[in-house]
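Structure first, commentary second.
The values are calculated or read from the model by the stated rules, or taken from the named source; none is laboratory data. Predicted model, so just to flag it, every value in this text is computed and none were measured. Cβ coordinates were reconstructed from backbone atoms using ideal geometry, including for glycine residues, and neighbour counts include every protein chain displayed. Just the protein is used for accessible areas: all its heavy atoms, side chains included, with ligands, DNA and RNA removed. Shrake-Rupley method; radii C 1.70, N 1.55, O 1.52, S 1.80 Å.
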Amino acid sequence: MKEGLTPKIVRREDYTPYPWQITDLRLRFEIDHRITTVTAEMDLAWLGDGEVGAIRLDGQCLELVGVELDGRPLRAGEYTVDADSLVIHEPARECSLRTQVRIRPQENTALEGLYASGEFLLTQCEAEGFRKITYFPDRPDVMTNYEVTLEADRDRYPVLLSNGNAVESGDSGDGRHWVRWCDPFRKPAYLFALVAGRLEHVEDRFTTRSGREVTLRIYVEPQNLDKCAYAMGALIRSMQWDEERFGLEYDLDIYNIVATDDFNMGAMENKSLNIFNSKYVLARPDTATDMDYQSIEGVIGHEYFHNWTGNRVTCRDWFQLTLKEGLTVFRDQEFTSDMQSRAVKRIQDVRDLRTRQFPEDAGPMSHPIRPDRYQEINNFYTMTVYQKGAAVIRMCHTLLGEEGFQKGMRLYFERHDGAAVTCDDFIAAMADANGVDLDRFGRWYSQSGTPEVRVRTEYRADEGRYIVELEQQTPPTHDQSEKQPLLIPFGIGLLTPEGAEIPLRLDGEEAAAGTSRLLVLDEREQRFEFVDVPCRPVPSLLRDFSAPVKLTYDYAPEDLEVLMRHDTDAFVRWEAAQLLAQRAIMNNRQAFREGREMQPDAGLERAFQALLSDRTTDPAQLAETMRLPGEDYLGDLMAEVDVDGLHAARNFTRTTLARSLENEFLRVYDLLDDGAAYNDSGASVARRSLKNVCLGYLADLPSGVERAQRQFRASDNMTDTVAALRALVHRKAPGHREALEQFEKRWASDPLVMDKWFVLQVTCPGADTVERVAELLDHPAFSLSNPNKVRSVVGAFAMLNPTGFHADSGAGYAQVADVVLQLDSRNPQVAARIASAFNGWKRYDESRRSLMRAQLERIRSASPLSADVGEIVGNALDDA
Ligand code: B3K
Ligand code: ZN
């Protein structure tokens, strides 16, 4: 925020209900190439007790043409209009209001409200975009019935879509036509959508288990019709899964998805008219990687699942965002786990949470999953609200079990279907359905920061007793200094040194039951005593990553080897390998700093040898286990991030593993690189994943470069192509330039594939990459108006390339800040995301700190500066 301007802060405690009921809304859009005229008619009834008050409507960037109340045009003085609102003075207790505004979608570069993508028009309303379309109480607790008439040139806009069912259509003369849509479900404005343009579609059908025939359509630009099949299959699987696992059925006869290249985020769950970033729809084996396929299935599922968790039951206010997002992420995680490998999905989600949410929770944007205040709500679609929110729902599921959780879900829908509710309502439904008290659990909603759980153990051989002491502590965060103990479900098992699971009996229990337990830690410190423990056990801690916490336990290295090889819990096995690698890298970082020679780590080598000869574990799980912890994650473990030391030590570790186990890596790679044609089965995906992890190690050696070159030439799918190209480019191996050129030539006209080409280059480690970033910003396929391009070139550089972004000259910082400033007036939402790359600034050394601070100050002093970027850089600087 600029000096002299006090930022407007919205607070959760200030919530008051809207005093009007809006019984119906009729919208008419007259679409022209440049200007769209929007006429809104709404019927209102006063809900308050006392005297009838004014009607306050939100509106931004609207050109008001006329206002009528109960059929009578209003004169100046009977209403007030300013930059954010329209206020109607002295309306009757029941009245009907008609407004007419003009908007210019072609000039809308913020991609919020009604805007243009290529030749077609579309909307994005969540969170507060509807106010850029018409005057309306733009808040999620004001729900109404929508009737929408779209009128446009038939040639330019043959397809006219909105929510619900198309009920009527006709010709309006002059080459124009109209379609009327009616949505039978009341909804908040953020779920409104319209699409108009020359799009084509693929179609399929789904019959719900109660016999409803649903028409499914995916609309795309004509050149993309051959890339929709996978997304359609994913939609059908989502519908099926939600019936089977949650008992939830689709509720309309039509479900439309529209894909656009110009979208601020991933996708949007508008009622029956989802709008998607094309990245999460379009796929063909030669254009999309296995990871892309998995994301498509996950995001298609996520938006579909919102139909119940978000749309049928929505949020009372935006502070409750995690009510729909945390819950829906949990549901999409479960969907992917049921469709693919549960173990691999769990590992990926844990990695994501720890590398992206933990730092957020420790930085200047720290907030509880249900925030207490915000300046710009778009800044609160965060890893915390989504991913930590899902982790909190997962703990609730862990504590209640599948059956108890589903009971809670049923009560939640029974009580709140059709309503806009709060996180407390959700927890109350879970508690009441199960007859349990979840009050202390509820603290996860109001407390920010990542709790640390310290574990101490003691084995008393003479008594056969094993004592486990758990202690929790949440460090103070930017937004909260005092922290309370939380309720932490803590999964545990005990292994013999040979790796066998020990039956568990807690002191006081009659007999042993099972080999895995959930301990509940809800005080600062608790002690648990296991009896009948025949030998000093290896503890398997925080099984399934049962809570989003940082675990501290002083594992002996040989214990980690036992866990990695033998534990039955996939997370613990993975974590044991990660810890072995982490220790090896951290030791070498220290050596690097002290000018000592870095040393290979014998224990880690043994562990990798075991992994490379493991023929029983799922290759996809092995692949995850062999990926070294990232520099970002490792940096987050340090008081002051050592950018260069971590990079050197991690590279050293990778290269020495490759050297000493070259034959083993080659054997696995060559075995998996069997020349078979691409297929999309889970087994093939898993094999490609392991093969390409091996290639990542081997690329440090001539034998690997040779294989990468061959793989690049021979590949019939994007997974292998990108893996080979990355190996060549990131090692600056012979032939990498030619490979990049060849790739560019082949894919120049496919924007999603070109995004990969950009990402590969800007994530190439090293201080000189910033020069490549500058060149790519001038590349004909780059555009500052397209969020995917900005994220691929600037976002990927700032977030995924530590040695590039943090180059000690400060050139990376300056480059990223330049882009934030250029983008701010155009697309503040995306600019704010990029600006958040500086959030960790004070965790670096003195010199980098001052360079980053200077860029933050440069951004803050820009005038004008959006509220979005203002909030991010303001918080970052306040954190000084
Ligand atoms: N609900 C949308 C996100 C909207 C973001 C607005 N800045 C997509 C999703 O979470 O499913
Ligand atoms: Zn969502």
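For the reader, a short list of remarks on this structure follows.
- Checking 783, 792 one by one, the residue that is assigned to a loop (DSSP other than H, G, I, E, B), within 30 Å of residue 116 (Cα to Cα) and polar (S, T, N, Q) is 783 and no other.
- Under the condition of being in contact (Cβ under 8 Å) with a residue 12 or more places away in the chain, polar (S, T, N, Q), assigned to a strand (DSSP E or B) and under 26 Å from residue 34 (Cβ atoms), the residues counted in segment 142-191 number 3.
- Matching residues, segment 313-323, being aliphatic (A, V, I, L, M) and either near ligand 1 (Cβ under 10 Å from one of its atoms) or surrounded by fewer than 24 Cβ atoms within 10 Å (Cβ to Cβ) (or both): 313, 321
- Among the residues listed as 630, 635, the single one being small (Gly, Ala, Ser), within 20 Å of residue 724 (Cα to Cα) and open to solvent by less than 50 Å² (accessible area, probe 1.4 Å): 630
- Scanning segment 547-582 for residues that are of a type in the set (Gly, Ala, Ser) and over 32 Å from the mean Cα position of the chain (by Cα) returns a single hit, 556.
- Selection status of residue 275, within 16 Å of ligand 2 (Cβ to nearest atom), aliphatic (A, V, I, L, M), crowded, with 23+ Cβ neighbours inside 10 Å and not in a helix (DSSP H, G or I): yes
- Across segment 298-307, the qualifying residues are those that are within 16 Å of residue 409 (Cβ to Cβ) and near ligand 2 (Cβ under 10 Å from one of its atoms), and the one among them that is surrounded by the most Cβ atoms within 10 Å (Cβ to Cβ) is 305.
- Test: residue in segment 562-571 that is out of contact with any Gly (no Cβ under 8 Å at 6 or more places or on another chain) and open to solvent by 30 Å² or more (accessible area, probe 1.4 Å): no
- Among the residues examined, residue 770 does not qualify as open to solvent by less than 20 Å² (accessible area, probe 1.4 Å), touching a helix residue (DSSP H, G or I) at 6+ places or on another chain (Cβ under 7 Å) and farther than 19 Å from residue 847 by Cα.
- Residues of segment 497-545 satisfying the condition of being at positive phi and either free of Cβ contacts under 8 Å to residues at least 12 places away in the same chain or not in a loop (DSSP other than H, G, I, E, B) (or both): 508, 514, 544, 545
- Hits in segment 358-377 - residues which are within 16 Å of ligand 2 (Cβ to nearest atom) and surrounded by fewer than 23 Cβ atoms within 10 Å (Cβ to Cβ): 377
- Of 858, 826, 853, 833, all but one fail to be open to solvent by 40 Å² or more (accessible area, probe 1.4 Å), in contact (Cβ under 8 Å) with a residue 24 or more places away in the chain and either within 21 Å of residue 383 (Cα to Cα) or among the β-branched types (Val, Ile, Thr) (or both); the exception is 833.
- Being open to solvent by 10 Å² or more (accessible area, probe 1.4 Å), closer than 29 Å to residue 373 by Cα, among the aromatic types (Phe, Trp, Tyr) and in contact with a helix residue (DSSP H, G or I) (Cβ under 8 Å, 6 or more places away or on another chain) is a property that holds for residue 445.
- Candidates in segment 285-307 are the residues that are within 15 Å of ligand 1 (Cβ to nearest atom) and part of a loop (DSSP other than H, G, I, E, B); of these, the one that is nearest to residue 385 (Cα to Cα) is 306.
- Test: residue in segment 523-546 that is surrounded by fewer than 20 Cβ atoms within 10 Å (Cβ to Cβ), touching a helix residue (DSSP H, G or I) at 6+ places or on another chain (Cβ under 8 Å) and small (Gly, Ala, Ser): no
- Restricting the first member to segment 301-325 and to residues that are farther than 20 Å from residue 240 by Cα, and the second to residues that are near ligand 2 (Cβ under 8 Å from one of its atoms) and assigned to a loop (DSSP other than H, G, I, E, B), the beta-carbon pairs closer than 7 Å and six or more apart or on different chains are 324/306; 324/310.
- The criterion of at least 1 residues that are without any contact (Cβ under 8 Å) to a residue 40 or more places away in the chain and over 32 Å from the mean Cα position of the chain (by Cα) is met, among strands (runs of 3 or more DSSP E) falling completely within segment 41-126, by 63-69, 79-81, 85-88.
- Candidate set from segment 91-114 (those that are in contact with a helix residue (DSSP H, G or I) (Cβ under 9 Å, 6 or more places away or on another chain) and away from ligand 1 (no atom under 14 Å from the Cβ)); member that is most open to solvent (accessible area, probe 1.4 Å): 108
So that you can scan it fast, the table gives a plain yes or no per residue for (1) more than 23 Å from residue 643 (Cα to Cα); (2) touching a Lys or Arg at 6+ places or on another chain (Cβ under 8 Å):
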site	(1), (2)
716	yes, no
749	yes, no
757	yes, no
762	no, yes
785	yes, yes
793	no, no
799	no, no
804	no, no
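- Output for segment 583-605, where each listed residue is over 33 Å from the mean Cα position of the chain (by Cα), surrounded by 15 or more Cβ atoms within 10 Å (Cβ to Cβ) and among the charged types (D, E, K, R): 601, 605
- From the options 69, 97, 86, residue that is touching a Cys at 6+ places or on another chain (Cβ under 8 Å) and closer than 23 Å to residue 18 by Cβ: 69
- Among (1) under 28 Å from the mean Cα position of the chain (by Cα); (2) within 26 Å of residue 316 (Cα to Cα); (3) open to solvent by 50 Å² or more (accessible area, probe 1.4 Å); (4) not aliphatic (A, V, I, L, M), the one test that residue 162 misses: (3)
- Residue 807 being under 26 Å from residue 639 (Cβ atoms), part of a loop (DSSP other than H, G, I, E, B) and open to solvent by less than 20 Å² (accessible area, probe 1.4 Å): yes
- Exactly one residue out of 209, 237 is open to solvent by 20 Å² or more (accessible area, probe 1.4 Å), under 23 Å from the mean Cα position of the chain (by Cα) and among the charged types (D, E, K, R): that is 237.
- Selected residue (only one of 310, 326 is of a type in the set (Gly, Ala, Ser), open to solvent by less than 10 Å² (accessible area, probe 1.4 Å), closer than 24 Å to residue 165 by Cβ and within 14 Å of ligand 1 (Cβ to nearest atom)): 310
- Within segment 252-272, if we keep just the residues that are in a strand (DSSP E or B) and within 14 Å of ligand 2 (Cβ to nearest atom), the residue that is nearest to the chain's Cα centre (by Cα) turns out to be 267.
- Some residue of segment 734-752 being open to solvent by less than 10 Å² (accessible area, probe 1.4 Å) and part of a loop (DSSP other than H, G, I, E, B): no
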